[in-house]
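The structure appears below as structure tokens.
The values are calculated or read from the model by the stated rules, or taken from the named source; none is laboratory data. Computed from a predicted structure; not experimentally measured. Quick reminder, even Gly has a Cβ in these numbers, built from the backbone with ideal geometry, and neighbours come from all protein chains shown.
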Amino acid sequence: MRLALAFVLLLAVSLGAAAQTLTMGPRQCATPEPTISQALATQRVVSAYRAEGAFERRALESVTVPVAVHVLRSGLTVEEGNVPDAWVEAQIDTLNSAFAGFGVRFALALVNRVDNAEWYEDLVLGSFAEIRMKDALGLDPARVLNLYTASLGLDYLGWATLPELYDEAEPYQGVVLLDQSLPGGDAAPYNLGHTGTHEVGHWLGLYHTFSGGCTASNDGVEDTPQQLRGTSGCPSPPPDSCPTDPGLDPIHNYMDYSDDACMTEFTGGQRTRADAMVATYRPTLVAGGYALATVPRRILDGLFVGVTTTAPLRVTNASRAPITVTGATASGADVVVVGGPRTVAPGEAVLLDLEILPSRPGAVAIQVETEQDVTPELFALEGEAVVPPTARLGAPALVARVIEGADAVERTVTLSNEGGGTLLFELTGLPSWVASAEPSSGAILAGTTAEIVLSFEPGALTPTTYQQPIVIETNDPFRPEVSLALTFDVLLRPEALAIGPIYPNPSRGLVTVPLQLPDDLEVTVEVLDVRGRVVAVLADRAPLAVGYPDLRWDASTAAPGLYVVRARTEAEAVVGRVVILR
């Protein structure tokens, strides 16, 4: 198709957009359609590129594009955005397969997992959340394709920055994808990775095949047939939505809206356009000649003094000659590149282990060294070391007793950070008889305490004793797990007012009087000597809850002898006996 007749895309940007559903409708891409002036300007760029014969050199030929994948998440499950490394790697493989005819290679330079629910949930184009996210996370946009995965709002599958709209070094540059559109995701029929292919096509300067409809210009590519609108599904035979123009709708083109399984091709004209666009608007990427080393930011910012952290070190070679990683030096820490020296071929990325042992709190500066000394500034890493956190439970055990059929009850567990840094925690293996634990995960600053509220639903449980430890996983390097011994007694409702066996009996000091109450009652409990005189009042019309409350009598000063314990309500009275010795 030829160049785009313009229309301006107006986006209703709303941070309160409805949640993304995996019942997928037609494909929707939020990348803005070009304006008339924008389309004409890029047409001139492509024409000049062809006139100079530059296309014969193929700007993208042998270019390596390092890809930094920023995995936004609101939790640790796939449903909360924590997509597996295998999905990320499959997306890179899909890009390399789809763009093989362009001569370009995509290399996975970083997988950066970011815990931020605001950025992850219902992300939309142009929102403050998107701008803040890219400003904070974008890695060297002139040299690196920054790809963000999140749960997108407004039912979009993704969007990208067109090269002509922003300076190549602008932090806003990059591609945003629905996390479930990666290969392995649940966004069928758009879960084979070609949302990524489509959006990276935009990032390289390609427009939709249907841009401008059946007009004389369209997408600025001569060998893609005219097309009125985006394709839905994978119709057979392909429709001819522009019957007065040659060719059927290009339903197999990656820049259409077809299902992923229907997309199989780019055209030669699209390759030429991409070459012209990146040569003009992404010259640093085309120039190449650089290499870089990365470690996820959350690891570099979470180093502990005196504790060795093994960090994933990715070295990406975007130059046209091999490089050899020989080791690393650091200030504020001892560092070792495990398995070095390691040679990295042009266009390749390798994953190494970098062991970091901070010697003091504060900044840690690491320089990964190469034999060729290529772009050393891109091999400099910075981190921060703190005194490790120390996890401490307020008590090692928790015992709760309730009556069958009782209303929901809550008990509180305290977890403290008695060390430095931030203590991260997560409850694992919560017993089935615990209704909930809030919060089940979180972060505790140095010197502070978190309260975890356990909720129980006695009405749903059979009367018995329930026992199971609750395990809390933490980032305390010396106590990665703390365990709380939890006992939950669901007791039968007493049939009548009674005093259970008093203990110890005989006694020389503190005496326990176990009551049995069939309902919530006002109870008076007294201790009488053998002459009937009241020597102690343990409860005076006290409102006591149904169940088995225990009362205490300090008999350490009482005369030796037999005593009667009497419990009475307005309706009845019961007694028990205890002997005091000296």
Could you please tell me which pairs satisfy a Cβ distance under 9 Å, a separation of 6+ or placement on different chains, a first residue in the stretch 314-330 that is assigned to a strand (DSSP E or B), and a second residue that is among the β-branched types (Val, Ile, Thr) and modelled with pLDDT under 95?
Asn317/Val374; Ile323/Val374
Counting residues that are under 30 Å from Thr77 (Cα atoms), which strands (runs of 3 or more DSSP E) fully inside the stretch 432-546 reach at least 3?
436-438, 441-445, 449-456, 465-474, 481-491
Over the stretch 470-482, the set of residues in contact (Cβ under 8 Å) with a residue 12 or more places away in the chain and either under 22 Å from Gly420 (Cβ atoms) or exposed (fewer than 13 other Cβ atoms within 10 Å of the Cβ) (or both) is Ile472, Glu473, Thr474, Asn475, Asp476, Pro477, Phe478, Arg479, Val482
Check off (1) surrounded by fewer than 16 Cβ atoms within 10 Å (Cβ to Cβ); (2) in contact with a Gly (Cβ under 6 Å, 6 or more places away or on another chain) for Ile131 and give me the number that stays unchecked.
(2)
One residue is enough: does the stretch 83-95 have a residue meeting the conditions farther than 25 Å from Cys262 by Cα and touching a strand residue (DSSP E or B) at 6+ places or on another chain (Cβ under 7 Å)?
yes
I'd like to verify a number: residues in the stretch 90-104 that are touching a helix residue (DSSP H, G or I) at 6+ places or on another chain (Cβ under 6 Å) and outside any helix (DSSP H, G or I), how many?
0
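Per-residue answers, yes or no, for (1) assigned by TED's automatic domain parsing to the domain that holds Asn116; (2) closer than 29 Å to Arg314 by Cβ; (3) in contact with a Leu (Cβ under 7 Å, 6 or more places away or on another chain):
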residue	(1), (2), (3)
Gln226	no, no, no
Asp249	no, no, no
Asn253	no, no, no
Tyr257	no, no, no
Ala261	no, no, yes
Val278	yes, yes, yes
Arg282	yes, yes, no
Ile299	no, yes, no
Gly302	no, yes, no
Search result, residues across the stretch 229-255 that are within 36 Å of the chain's Cα centre (by Cα), crowded, with 17+ Cβ neighbours inside 10 Å and assigned to a loop (DSSP other than H, G, I, E, B):
Gly230, Thr231, Ile251, Tyr254, Met255
Residues satisfying the stated conditions in the stretch 556-572, i.e. surrounded by fewer than 15 Cβ atoms within 10 Å (Cβ to Cβ) and either touching a residue at least 40 places away in the same chain (Cβ under 8 Å) or not assigned by TED's automatic domain parsing to the domain that holds Tyr503 (or both):
Ser556, Glu570, Glu572
Counted residues, the stretch 472-508 - those being within 19 Å of Pro431 (Cα to Cα) and not hydroxyl-bearing (Ser, Thr, Tyr)
11
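Taking the conditions exactly as written (farther than 16 Å from Pro66 by Cβ and among the hydrophobic types (A, V, I, L, M, F, W, C)), does Ile299 satisfy them or not?
Here the answer is yes, as Ile299 does meet what is asked.
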Residue list for the stretch 157-177, filter: in contact with a strand residue (DSSP E or B) (Cβ under 7 Å, 6 or more places away or on another chain) and either among the aromatic types (Phe, Trp, Tyr) or more than 18 Å from Gly138 (Cα to Cα) (or both)
Leu157, Trp159
List every residue pair whose Cβ atoms sit under 6 Å apart, with the two residues 6 or more apart in sequence or on different chains, where the first one lies in the stretch 148-170 and is closer than 15 Å to Ala279 by Cα and the second, anywhere, is in a loop (DSSP other than H, G, I, E, B) and of a type in the set (Ser, Thr, Tyr).
Tyr166/Tyr172
Specify the residue that is surrounded by the most Cβ atoms within 10 Å (Cβ to Cβ); the eligible residues are those in the stretch 194-212 that are of a type in the set (A, V, I, L, M, F, W, C) and under 17 Å from Gln227 (Cβ atoms).
Leu206
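Restricting attention to the stretch 417-437, which residues are under 30 Å from Ala385 (Cβ atoms) and crowded, with 18+ Cβ neighbours inside 10 Å? Walk me through it before giving the result.
Initially, the stretch 417-437 is screened for residues under 30 Å from Ala385 (Cβ atoms), giving 417-428.
Asn417, Gly419, Gly420, Gly421, Leu423, Leu424, Phe425, Leu427 - these are the residues of the stretch 417-437 that are under 30 Å from Ala385 (Cβ atoms) and crowded, with 18+ Cβ neighbours inside 10 Å.
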Could you list, in sequence order, all residues of the stretch 320-339 that are surrounded by fewer than 18 Cβ atoms within 10 Å (Cβ to Cβ) and not β-branched (Val, Ile, Thr)?
Arg320, Ala321, Pro322, Gly327, Ser331, Asp334, Gly339
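Going by what's in this entry, would Arg401 be described as surrounded by 14 or more Cβ atoms within 10 Å (Cβ to Cβ), modelled with pLDDT of 95 or more and either among the basic types (Lys, Arg) or part of a strand (DSSP E or B) (or both)?
Details: surrounded by 14 or more Cβ atoms within 10 Å (Cβ to Cβ): yes; modelled with pLDDT of 95 or more: no; either among the basic types (Lys, Arg) or part of a strand (DSSP E or B) (or both): yes.
Here the answer is no, as Arg401 does not meet what is asked.
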For the stretch 352-373, which positions are touching a residue at least 24 places away in the same chain (Cβ under 8 Å), outside any strand (DSSP E or B), under 19 Å from Asn317 (Cα atoms) and among the charged types (D, E, K, R)?
Glu371
When the stretch 547-582 is examined, which residues are found to be in a loop (DSSP other than H, G, I, E, B), modelled with pLDDT under 95 and under 59 Å from the mean Cα position of the chain (by Cα)?
Tyr548, Pro549
